[in-house]
Structures are given as C-alpha cells and as structure tokens.
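Asks: Pasting a structure here, questions to come.
The values are calculated or read from the model by the stated rules, or taken from the named source; none is laboratory data. None of the values given here were measured: they were computed from a predicted structure. A quick note on method: Cβ atoms are made from the backbone with ideal geometry, for glycine too, and the neighbour counts reach across all protein chains shown. To get the accessible areas, we keep the full protein, side chains included, count just its heavy atoms, and leave off ligands, DNA and RNA. Shrake-Rupley method; radii C 1.70, N 1.55, O 1.52, S 1.80 Å.
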Amino acid sequence: MFKTILLLSLTCAFFIACSKEEKLDSNLISSGTQFSKENSQKAKDLDKKSYEEIAHLFKDNTNIKSDEKNILIIFSANHCIYCDKLKEEIENDKKLQKMIQDQYSSYYINISYKKIHTFYKNHKSDLSTAELSSIYNIVATPTVVILNQNYQTLLNYPGFISAKRLYATMDFLNKSENQKLDEASIAQKLIHYYKDHNI
C-alpha cells in the first residue's frame, strides 16, 4: 500500500513539474518571438542611423512609390565623405528640406546595408538594395536619381551636388514641360539653366 501511495505521489509530482515546464517553455517561446520581431525591426531600420540627422525628411525606403509626385532617391554609402557633405548641406538648407518633404516622394538609401525595397514601378516588386542600385547603375556615391510620376528617369546625377544646385534641379524637374523630356534633353537644358542662374 505504501509503495502504491509513493508511486502515485511521484507520478503526480512528475506531471505537475511537466505542466510547469510547459508553461515556462511557452513563455520563453512567446517572449522569444517578441524579441525576434523587435530585432527584426531594428535590423530593418539599421540604415537610418547612417542618416539620422535628416531621416525625418525622407519616407521609409522599404516602400518606394510616387504618391502622384516626382520621386527623389539619394543613394549613399558608409564612409563616404561626399555623402556626409551632402547630408550636411541638406541639414542646413530649410528651403531644400521643404522641397524634399512637400514636392517629392523622397527616399534615402544607404547601399552599405542589405534591405528589401518594395518598388511600385509598373507593378509591385520586391528588390534588394543591390538590385535597386543596379537598375540605376549606382557606381559612385552620392548619386541623386529623380523619376517622374510614371517612374521614368529624369536625372541620374553621380557625385556631390550642392544644396543650391539640388534645389534648382528639383524645382526645374517639377515643371510639367520638363517632365516630358528624355534624360539627354534634360541634361542639356540643365547645363544652360545652371549657367543662366549662376549655380
């Protein structure tokens, strides 16, 4: 009889311990999932640290779309002196900041980071940062790319551009008559525009 009671007690203790362990394991799994989601979001936003001083001017680059405006994409990289200089120029020019925020769907992409960007050109497609860079032949940073509302390239400007010239370029390309031109015609007109306006 004593053996039976002892055996029943041990069996109950075992099942109670198992159920406590299961509860503990499910808590670990659930907090682990939450931790993974937080880490995933941090990893997704890691690139924003590289341009945090001007990040508020740009939309989330995981979804690139026109929203019925021209699109501005600035491609940059880590340890790029001229990228840092461009960021500084943007940070110190309120007029340019207003243009970036109000007149364009603006995106800043640091190609030193790997990310997936949903691009709405023609149809929705997911592209890696490398694939997106390849589409616009990004070989130097910074590179400024401006697209019209139909995602046609109006300008691909590799290298540093001053705040004054960037503002003038964006303003020029926002005019409807210039959005119908091809890249070569725009480049020619911009050269004259810069000369005429001492930019």
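Asks: Order 117-128, 88-99 from most to least packed using the mean count of other Cβ atoms within 10 Å.
Replies: Working: 117-128: 12.8, 88-99: 15.5.
Those peptides, ordered most packed to least, come out 88-99, 117-128.
Asks: Over segment 61-182, what relative contact order in percent results from Cα pairs under 8 Å that are six or more residues apart?
Replies: 34
Asks: What number of lysine-lysine pairs in segment 122-197 show an alpha-carbon separation below 21 angstrom, given a sequence spacing of 8 or more or placement on distinct chains? Display every interim value, and only then the final one.
Replies: Numbers: K164/K175; K164/K189; K164/K195; K175/K189; K175/K195; K180/K189.
Within segment 122-197, the lysine pair count is 6.
Asks: Which FRET efficiency value, to the nearest 0.05, is calculated for N150 and S185 with the Förster distance at 25 angstrom and r the Cβ-Cβ distance?
Replies: Working: r = 16 Å, r/R0 = 0.66.
That gives a FRET efficiency of 0.95.
Asks: With label points built 7 Å along Cα→Cβ from the Cα atoms of E177 and K124, find their separation and express it in nm.
Replies: Inter-label distance under the simple model: 3.9 nm.
Asks: Ignoring ligands, DNA and RNA, please state the percent of accessible area on segment 112-156 from carbon and sulfur, probe 1.4 Å. Could the numbers behind the result be given before it?
Replies: On the way: 1070 of 2360 Å².
Using a 1.4 Å probe with all protein chains present, segment 112-156 comes out at 45 percent carbon and sulfur.
Asks: Under 1.5 on a/c is rounded, so check that first for segment 96-199, then, if it is not, pick prolate when a/b is larger than b/c and oblate when it is not; a ≥ b ≥ c are the square roots of the alpha carbon gyration tensor eigenvalues.
Replies: Details: a/c = 1.82, a/b = 1.56, b/c = 1.17.
It is prolate, given that a/c is not under 1.5 and a/b is the larger ratio.
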